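Working notes for the structure below.
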Amino acid sequence: MLPSRPFREDTHDPADRSRGSPARRGARAARARRERGAHDAGAARLDPRLDGDAREARHRGRPADAARARHGVPAARGPAPRVASPRRGPARRGAQRGRRVRGAEGHGGRVMLHQRSAVAIAETIAKGEVSAVEVARAALARITSLDAGIHAFLYVDAEGALAAAASVDRARAAGHALGPLAGVPVAVKDNLCQRGTPTTCASKILEGWIAPYDADVIERLRAAGAVIVGKCNMDEFAMGSSNENSAFGAVHNPWLQGRAPGGSSGGSAAAVAAGFAPLSLGSDTGGSVRQPGSFCGLVALKPTYGRVSRYGLIAFASSLDQIGPFARDVRDCARITKVVAGHDARDATSADVPVADYEAALGKPVKGLRVGVVRDAVDGPGNEPGVKAAMAKAIDTLRALGCTIVDVALPTAEHAVSAYYIVAPAECSSNLARFDGMRFGPRIESGDLKETYGKTRAQLFGPEVKRRIMLGTYVLSAGYYDAYYAKAQKARTLIARDYAKAFESCDVVLTPTSPSVAFPLGAKTQNPLEMYLADVFTLPPSLAGLPAINVPAGLDQGLPIGMQLTAPAFREDLLFQVAHAYEQATEWKDLHAPIFSA
C-alpha cells in the first residue's frame, strides 16, 4: 500500500492544505504504535502518554441509585465487571478516581468532575476552582480506564487535549476573557477533519490518513476554548443505524453492553453517556444523531440544514448531512449549538441567517405553545409498548405545562424511508467515487489501473457502503433516473409541504425518535430493511431539512426512550424552549447509564 494522501472536498480552498511535516510525523507515530503492538484493533489509539495519575482507579459516589431502581436500571455498586470488548476479548473495566469539586450538587455537595455538566465545568474553571488541565487529565484517565468495554473512541489525542487545556489555564491566569466552552472536554466523530490527527470515517480505505486542515466546527470549538479529547467510532462513512458497520469494531451501549448505541454516530453518543466527555459532535443524515441520542438517553440535536457549516465534514449525502451535538442536558446542548452554528463562506450550502441566543430561550414559559402530535407515529403498530406508553406520558406532561395539544398529519411521511434510501445512496455513490486509492488512503496494487481501482474499493469498503454505492449507481443510471431518483425528490418535496401545513396549526411536531429501545448487537444485521426501519421517525425531518431534537422521555427494560420534537426551519430556539421545559418537569435528566457512576 502507498502512503496516505490528502483528502479534500471540491469546495475546499487550496490555502487550507497543511504543512506536510505534522501530518507525516502523525503518520509515522501511528505506524510505530501499530508495529509496537501498543494497542490492537479494538482499542482507541492513545497519543501520547498519560500522566501516572491517569492510571489510578477506584469508585466514589452513586447518585440516582434510587431512581434507577424504580426503572429497573442496575446500580453501579462494587467492582466493575469484566466485559468483552468487540475486538479485544475480555478486558478489565477499572473505575477512575474522581476529583471532587467545591460547590457542586451531589453527595456532600460535591460530585466527580465527569458528572458535572459542560456549563458547570466551564464556570468552575473560570472561577479557578479547578484547572482545565485537571479536567482534561480526568477525562483522559476515564477513557483509558473504561473505554475498552465500550469502544467509543478510535483515536485519543492526549497530547493535543493537554496542550489545549494548558492554553486555557494560561489565559485565565493572565486575566483574559474565556470562551463559553473553556476547558470543557469534547469528543468528535471521526468524519470531521482535525488537523494533524487520523481521520478514517471508520473505514479501511482511509486508515492512516492524517487530516491536513480543521473542519469549521473544529475551528469554532477551539475558538470557544473547548478541549478536543479524541475521534469517535462510527458506522463506516456514516452509513448505518447501530454502529456495527465500523471497520474497526462495534460500539457497545453504555446502558447495557451487548446493545447497540445507535448509529451512525454511536461512538459520539456512547462517549457522552459513559461520562468520557460532557459534549460531543456527530453528523446526522437521516437520524444519525437523534437515534443514538434516543438509545443512549441523551439530548441530541439535528440543526436546520445549513445552520452548521459542513466544511471539513467528509460527505455521505451532501443535501442531507448536518453536524449536530450530543449532551446530557438541554442547556449544554444549547451552548454548544450556539458555538458551532453560523455562516461559513467556505460551504456553499451554509445559510447566512443570524444565530439566536439559544440559552436565553431556556426557562421561557411554554404555556400556550401548540404541540402537534402525529398519531400515526405515536400509536404506530411498529412501536414497542414501552415507547407508546412513554409518548402518552410525555404528551400529558406537556399538557400539564400549559401546552395546547393538537393532532396533525404528515400523510407523505410514510414514503420517507423509500425516498431516503434512493436519494442518500445516489449522493453517496457520487461522493465516494473519489476514494479509489489514487489520491489518498491505502491502495491495493494490481496489474493495471482499472483492476487497481476495483480491488482497492472491493477490499477496503465494507459491505454496507458497497451496498449503497451499488444502489445509488443503479438509480442514477440511464433509464432509471426518472423512475426512481426523480420520484424520490418529488416525495421529498411533498414531505416538506406536509410539515409546512402542520406548522399552520402547531409550533412543534412530536413523534417518538425510535420505535424501540436499543436492540441487541447483531439482531438486525442480516436484514438491512429492518435496520433501515429503525430510522422511520427521524427521516422525515431530515428530508425536509428541518431542525429536530431528541429528549429523553422514559425507560423500558432499563433502556432509554427518546421523544423527537421538530420545529420550522431555523427555530432551534423553540426546540430548546420546549425541550428544557419538559426536561425540568421530569426525572429523566437525572438517570444515567450505570457506568456513569463508576
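Sub-6 Å Cβ pairs linking a first residue in the range 402-417 that is farther than 14 Å from ALA534 by Cα to a second residue that is among the basic types (Lys, Arg) and modelled with pLDDT of 95 or more, at least 6 apart or interchain, are GLY402/LYS367; THR404/ARG370; ILE405/ARG399; VAL406/ARG370; ASP407/ARG375, ordered by first then second residue. Scanning the range 443-482 for residues that are of a type in the set (Gly, Ala, Ser), under 19 Å from SER203 (Cα atoms) and loosely packed, with under 13 Cβ neighbours inside 10 Å yields a count of 1. If you go through the range 408-442 and keep only what is open to solvent by less than 30 Å² (accessible area, probe 1.4 Å) and outside any helix (DSSP H, G or I), you end up with VAL408, LEU410, PHE435, ASP436, GLY437, PHE440, GLY441, PRO442. Summed over the range 582-592, residues that are surrounded by 24 or more Cβ atoms within 10 Å (Cβ to Cβ) and either over 19 Å from LEU301 (Cα atoms) or of a type in the set (A, V, I, L, M) (or both) total 0.
The C-beta contact set for the range 136-159 (first residue free of Cβ contacts under 8 Å to residues at least 60 places away in the same chain, second residue open to solvent by less than 20 Å² (accessible area, probe 1.4 Å) and part of a helix (DSSP H, G or I), distance under 7 angstrom, 6+ apart or interchain) comprises ALA138/LEU113. No other residue among ASP347, ASP329, ASP284 is in contact with a helix residue (DSSP H, G or I) (Cβ under 6 Å, 6 or more places away or on another chain), in contact (Cβ under 8 Å) with a residue 24 or more places away in the chain and acidic (Asp, Glu) apart from ASP329.
Being farther than 30 Å from PRO463 by Cβ and buried (at least 21 other Cβ atoms within 10 Å of the Cβ) holds for only one residue in VAL156, VAL135, VAL188, and it is VAL135.
Scanning the range 375-391 for residues that are more than 27 Å from the chain's Cα centre (by Cα) and in a helix (DSSP H, G or I), we see that the one that is nearest to HIS580 (Cα to Cα) is ARG375.
Set side by side, the residues GLY386, GLY380 differ, and just one is surrounded by 15 or more Cβ atoms within 10 Å (Cβ to Cβ), modelled with pLDDT under 95 and within 19 Å of GLY554 (Cβ to Cβ), which is GLY380.
Looking at ALA544, is it without any contact (Cβ under 8 Å) to a residue 60 or more places away in the chain, open to solvent by less than 30 Å² (accessible area, probe 1.4 Å) and either under 26 Å from ILE150 (Cα atoms) or under 22 Å from the mean Cα position of the chain (by Cα) (or both)? When the stated conditions are applied, ALA544 passes them.
Taking every residue in the range 369-396 that is closer than 12 Å to PHE537 by Cα and pairing it with any residue that is among the polar types (S, T, N, Q) and not in a loop (DSSP other than H, G, I, E, B), at least 6 positions away or on another chain, the pairs with Cβ-Cβ distances below 7 Å are VAL374/THR511; ALA377/THR511; VAL378/THR511.
Taken over the range 353-365, the criterion of being over 12 Å from THR337 (Cβ atoms) and either open to solvent by less than 10 Å² (accessible area, probe 1.4 Å) or at pLDDT below 95 (or both) is satisfied by GLY363 alone. Looking at the structure I just gave you, is ALA483 free of Cβ contacts under 8 Å to residues at least 24 places away in the same chain and over 23 Å from MET531 (Cβ atoms)? Yes. Candidates GLY402, GLY472: the one that is modelled with pLDDT of 95 or more, in contact with a Pro (Cβ under 8 Å, 6 or more places away or on another chain) and not in a helix (DSSP H, G or I) is GLY402.
Looking for something in a helix (DSSP H, G or I), of a type outside the set (S, T, N, Q), within 19 Å of LEU281 (Cβ to Cβ) and at pLDDT 95 or above - is there at least one such residue anywhere in the range 186-208? For the range 186-208, residues in a helix (DSSP H, G or I), of a type outside the set (S, T, N, Q), within 19 Å of LEU281 (Cβ to Cβ) and at pLDDT 95 or above: present.
The values are calculated or read from the model by the stated rules, or taken from the named source; none is laboratory data. The model shown is predicted, which means the values in this text are computed figures rather than measured ones. Positions of Cβ are backbone-derived with ideal geometry, glycine not excepted, and every protein chain shown enters the neighbour counts. Just the protein is used for accessible areas: all its heavy atoms, side chains included, with ligands, DNA and RNA removed. Shrake-Rupley method; radii C 1.70, N 1.55, O 1.52, S 1.80 Å.
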